[in-house]
Amino acid sequence: MKRCVWLSVLALIAVGCSGGDAGKTAEGGGTTPTPESGKKLVVGFSQIGAESDWRTANTESIRSEAEKRGIDLKFADAQQKQENQIKAIKSFIAQGVDIIAFAPVVETGWEPVLREAKEAGIPVIVSDRRPDVPEDLYVTFIGSDFVKEGEMAGEWLVKKMGGTAKIAELTGTTGSAPANDRAKGFRNAIAATPGMEIVFTQTGDFTRAKGKEVMEALLKSPAGKEIKALYAHNDDMALGAIQAMEEAGVKPGEDIIIVSIDGVKAAFEAMVAGKLNCTVECNPLLGPFLFDAIEKMMKGEMMPKRIVVEDKMFDETQAAAELPNRKY
Ligand code: AHR
């Protein structure tokens, strides 16, 4: 049955190309790739871990949406390790699940295991982060535009600082798509403003604990004394850094202006308290997008290779009004 799913996907891709349907791929079709009647659809999902509030909300969204739709979800938490994700994907292949979905912790190193999935006839959907693999190895990639998020953060900071600031950057997990893209987007945004200078950059691995630890060390160093702004690749690292600043007698949000990414509730609370200045949303509620894509694929509908989830930006002036609306 799985081989049928992929063969149908490939057949429709070919039709899509010859039919001039540029930028589209198709999933399913031909033989109806549904599980035998009475059987639930089985989806294996390999999650990165539980490193941040964002990730917790993402997991909850996927689990609850699967339950709502009566899908048998096999969920594996990789604890931020690529080797665990590869093991989980291999195990989904061995179990013969209908579909594999995963959020790749880093960009590289996925091709062999995705080829195994393809050879087993199991379609793969990518969620949240982009893997660096040929496009024929997955059906569609659903997630935010991380470069744009970095650009939004950078543009906001240029305005807020009047074009001059020594900036510290807390980057996400080394080698991950959001860390690479958010670094790039931010640099794009400040490139034309020479007064905006990144004087420190270090990973905080997307966690609150590491964000705090890195900021503690920075504030004790000579470089820490000249920092006027912090750009954190996610809210959790910013929240950890805020704690470190307060313990060092530095006023977060005043002595050091802070912009981060995700838009989690705790970031809005920090903005209301005057400790964080801006957060760029990165929507973690991907469950409905993922299972809509799976259902379309099962029906043989055409769908784009890339599904971009739109994000907004919120600063301290909007935080109090927006806080009651936050869903995560
Ligand atoms: O891939 C999305 C990123 O991963 C989120 O910004 C971060 O909080 C998470 O850990």
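Might you let me know whether region 73-83 holds any residue that is in a helix (DSSP H, G or I) and modelled with pLDDT of 95 or more?
yes
Could you list all residues from region 48-71 that are more than 16 Å from the ligand (Cβ to nearest atom), open to solvent by less than 60 Å² (accessible area, probe 1.4 Å) and touching a helix residue (DSSP H, G or I) at 6+ places or on another chain (Cβ under 8 Å)?
Once the filter is applied, which keeps residues that are more than 16 Å from the ligand (Cβ to nearest atom), open to solvent by less than 60 Å² (accessible area, probe 1.4 Å) and touching a helix residue (DSSP H, G or I) at 6+ places or on another chain (Cβ under 8 Å), region 48-71 yields 64, 65, 66, 71.
Considering each of 118, 159 in turn, give the residue that is under 20 Å from residue 187 (Cα atoms) and either part of a helix (DSSP H, G or I) or within 12 Å of the ligand (Cβ to nearest atom) (or both).
On inspection, the qualifying residue turns out to be 159.
Among (1) assigned by TED's automatic domain parsing to the domain that holds residue 72; (2) at negative phi; (3) not charged (D, E, K, R), where does residue 320 come up short?
(1)
In region 111-135, what count of residues is obtained for those that are closer than 26 Å to residue 179 by Cβ and touching a residue at least 24 places away in the same chain (Cβ under 8 Å)?
Result for region 111-135: 14.
Would you pick out the residues in region 169-187 that are more than 14 Å from the ligand (Cβ to nearest atom) and either over 22 Å from the mean Cα position of the chain (by Cα) or open to solvent by 10 Å² or more (accessible area, probe 1.4 Å) (or both)?
If the condition is that a residue be more than 14 Å from the ligand (Cβ to nearest atom) and either over 22 Å from the mean Cα position of the chain (by Cα) or open to solvent by 10 Å² or more (accessible area, probe 1.4 Å) (or both), then 184, 187 are the ones that fit.
Mind listing whichever residues of region 254-269 are open to solvent by less than 10 Å² (accessible area, probe 1.4 Å) and either of a type outside the set (Phe, Trp, Tyr) or within 17 Å of residue 160 (Cβ to Cβ) (or both)?
256, 258, 259, 260, 261, 262, 263, 264, 267
Failed condition for residue 126, given (1) hydrophobic (A, V, I, L, M, F, W, C); (2) closer than 21 Å to residue 328 by Cα; (3) open to solvent by less than 10 Å² (accessible area, probe 1.4 Å), with all others met?
Of everything listed in (1) hydrophobic (A, V, I, L, M, F, W, C); (2) closer than 21 Å to residue 328 by Cα; (3) open to solvent by less than 10 Å² (accessible area, probe 1.4 Å), residue 126 misses just condition (2).
The values are calculated or read from the model by the stated rules, or taken from the named source; none is laboratory data. Quick caveat, the model's predicted, so the values are computed rather than measured. Don't worry about glycine lacking a Cβ; one is built from the backbone with ideal geometry, like all the others, and counts go over all protein chains shown. Keep in mind that these areas ignore ligands, DNA and RNA; they rest on the heavy atoms of the full protein, side chains included. Shrake-Rupley method; radii C 1.70, N 1.55, O 1.52, S 1.80 Å.
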